[in-house]
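Structure record follows, encoded as structure tokens.
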Amino acid sequence: MTDLILSESEKTFILHGVEQNFRIDGRTRSDLRPIVMETDVVSHASGSCHLRLANTDILVGVKAELETPLAAHPDRGRIEFFVDCSANATPAFEGRGGDDLAADISRVLTSAYESPEVLDLRELCIMKGRTCWILYVDILILEVGGNLYDTVSMAVKSALFSTKIPLVSVTSVDGGEPELELSDDPHSSSRISVKNAPILVTLTRIGNHCVVDSTPEEETCSSASLLVSVTPSGHITTVKKIGGGSFQPSSIASATKQAVSVGVHLNQSIMDKLKQEESMGRKREKVGFL
Amino acid sequence: MSGFELLSDQGLRLDGRKSGELRRIQTRLGVFGQADGSAYIEQGNTKVLAAVYGPHHMRDTRLRPNQEKVVVNCQYSMAVFSTGERKRRPRGDKKSLEMSQHLKQTFEATIKTELYPRSQIDIFVEVLQADGGNYCACVNAATLALIDAGIPLKDYVTACTASLVLDTPLVDISSLEATTGGPELTLAAHPKSGQIVLLEMSHRFHIDHLPKVIDVALEGCKNIYTILDKAVRRHVSNTGASVGWEKS
């Protein structure tokens, strides 16, 4: 992803900064860069979010569609993640170039959202065994500036928060299949509860310490990263180690603790902002990319 | 029959426009820092992002470097959530490949290709929301992105669609007007000289109507050029003012 070339002196400088808890841009090891977020930007989607963390730009659209539930879980709906790395981010993503990274991100997201306490998929069931809602979460990566996984997870959570699912009423037809009637009113819709939705926190190990929200330069200096998925209540739903380096068991423990504290705080800030945006109601001017 | 729905007796279309009226265009140059040039355009409800990388050395092993001209590589991609019905694949299908070829043809005719032999220019467009005139919005966005990247062009290239209802030509059709079955003529042109770079038409109408539909589309292209030029000048003067250039 990063084809940055850093000299040894630059790497040493970054390393010393991390050790002294004062990174190149002045942040501490647990600080994040500024985040700009807006929901409801894609009109064809049931929910959407455009999130920008420094130079990383993500656009997420959520579409809700009706489908038959899986035979194994007839009383539950489904959620499916699809990631598209746009060539706008880097020419290497042209054609199928970004497919590996895309598959990786969607796997991590699927595993993070798999736990039953995260999303109650039974809320998405309409008629047991016959119809349920399936949420297609489509992620478009427009620009990569470090810390991709975290930004994607934040955008997904915000998009799910803004998703409005039309209300469905079941009208039975005599002697035939029960008919479904979708409410035409755009204002009558149900929402999904994302109060337990996780956020991914990537801990990049540089030297003996882990930093949160690494820039591309910092990512070049690190040998290994730990990806932890943290829910607002401080529970962990998935852990993944990325990169060719190795961790001591004690460093994994301390890194996870750092991730949980950052994750809980971040979850809270995002929910506050989402609620603040929602309270602005219809008067809010949509900016989008302009 | 379709004449009734698309154009009312007062001469108003489905979205309230008159037959020769363009949709509202809003633009922004320099959206991303990573790309050499980038631009965003909104034409009505169609939203397109374009990014330009180059000129740089030939990266693609599939394409062979040209000794006299720069190789223009275009990719047209639609976001999965851009259409009313969710798309399965963002790119790689026949329609996207055809659009990429059209873009390549358009920009090979516009960029001063003789200035960068043995090099490559990448133009990537991403359709975020599709509501008719996708190719045109892509061409307009890519023109702005090329200007943002500082790549020398012979002229702006703008594109516009046109249609015909009974005997009245319509300009800049939305997707609803396109699917109602009327013919769709897509035209890309150099506005200052009036030279046509790409012309494509679907469905059919009598050849006697062709000149006036082309004229209406060309007029649309010239109007879009006026809007884009104003946006470019505004962007340059804003950038210049923040950097400290003299105001001329």
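All of the numbers you see were taken from the coordinates with simple rules; none came from a lab. All figures in this text were calculated on a predicted structure; none of them were measured in a lab. Methodologically, a virtual Cβ is constructed for each residue, glycine included, from the backbone with ideal geometry; neighbour enumeration extends over all protein chains shown.
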Original post:
How much FRET efficiency would the formula 1/(1 + (r/R0)^6) give for B:L210 and B:T83, where r is the Cβ-Cβ distance and R0 is 30 Å, rounded to 0.05?
Top reply: 0.50
Subject >> Sequence-distant residues sharing a close amide H with B:Q129 (under 5 Å, placed H) >> reply: B:K47
Subject >> Exceeding the 24 Å Cα-Cα cut-off - candidates A:K286/B:K47; B:K69/B:K95; A:K164/A:K273; A:K164/B:K94; A:K63/A:K286 >> reply: B:K69/B:K95; A:K164/B:K94
**OP:** Using DSSP to define loop residues, name the trypsin sites (Lys or Arg not before Pro) in the stretch A:1-85 whose beta-carbon has at most 16 other beta-carbon atoms within 10 Å.
**Re:** none
Subject >> Virtual spin-label span in nm between A:V170 and B:N238, 7 Å along Cα→Cβ >> reply: 5.3 nm
Original post:
To the nearest 10 degrees, how steeply does helix A:148-161 sit against the main Cα axis of chain A, on a 0 to 90 scale?
Top reply: 30 degrees
Subject >> Mean Cβ neighbour count within 10 Å, used as a protection proxy, ranking A:254-264, A:64-74, B:136-146 highest first >> reply: B:136-146, A:254-264, A:64-74
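Count the net charge of all other residues whose Cβ sits under 11 Å from the Cβ of B:L29, scoring Lys and Arg as +1 and Asp and Glu as -1.
Net charge around B:L29: +2.
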Original post:
Which whole-number percentage describes the relative contact order of chain A, with Cα contacts under 8 Å and a sequence gap of 6 or more?
Top reply: 19 percent
**OP:** Distance from a point 7 Å along Cα→Cβ of A:R96 to each backbone N in the stretch B:79-114: keep the residues under 16 Å and list them by number.
**Re:** B:89-94, B:97
Original post:
How far apart, in nm, are two points set 7 Å out from the Cα along the Cα-to-Cβ line at A:R107 and at A:T68?
Top reply: 3.1 nm
**OP:** Give a residue-ordered list of calculated ³J(HN,Hα) values for the stretch B:36-48 (Karplus: 6.51 cos²θ - 1.76 cosθ + 1.60, θ = phi - 60°; whole Hz; x for Gly, Pro).
**Re:** 5, x, 8, 7, 10, 9, 10, 10, x, 9, 8, 10, 9
Original post:
What average number of partner chain Cβ atoms lie no more than 10 Å from the Cβ of the residues making up B:12-18?
Top reply: 0
**OP:** Could you pull out every one of the lysines with an alpha carbon less than 23 Å from that of A:K257, ignoring same-chain neighbours closer than 8 positions?
**Re:** A:K157, A:K195, A:K240, A:K241
Original post:
Where in the stretch B:157-188 is the amide nitrogen less than 20 Å from a point lying 7 Å along the Cα-to-Cβ axis of B:D9?
Top reply: B:165-168
Subject >> Top of B:T46, B:T27, B:T179 by mean-square fluctuation, Gaussian network on chain B, Cα under 10 Å >> reply: B:T179
**OP:** Mind giving me the FRET efficiency for A:N208 and B:L176? R0 is 60 Å, r the Cβ-Cβ distance, nearest 0.05 is fine.
**Re:** 0.50
**OP:** State the extension gain, in nm to one decimal, for the chain segment bounded by A:S193 and A:S115, taking 0.36 nm per residue of separation less the distance between their alpha-carbons.
**Re:** 26.6 nm
Subject >> Shielding of B:72-84 by partner chains, average beta-carbon count, 10 Å >> reply: 5
Subject >> On Cα atoms only, tilt of A:8-19 relative to the major axis of chain A in degrees >> reply: 70 degrees
Subject >> MRE, 222 nm, helices only [DSSP H, n ≥ 4, -39500 (n - 2.57), over chain B, to nearest 500] >> reply: -10000 deg cm²/dmol
Original post:
Can you give the mean number of other chain Cβ atoms that lie within 10 Å of the Cβ atoms in peptide B:123-131?
Top reply: 5
Original post:
What number, rounded to the nearest 500 deg cm²/dmol, is the helix-based mean residue ellipticity at 222 nm of chain A, given -39500 (n - 2.57) per DSSP H run of at least four residues and division by all its residues?
Top reply: -8500 deg cm²/dmol
Subject >> Fully extended contour minus Cα-Cα distance, from A:V239 to A:E10, at 0.36 nm per residue >> reply: 79.4 nm
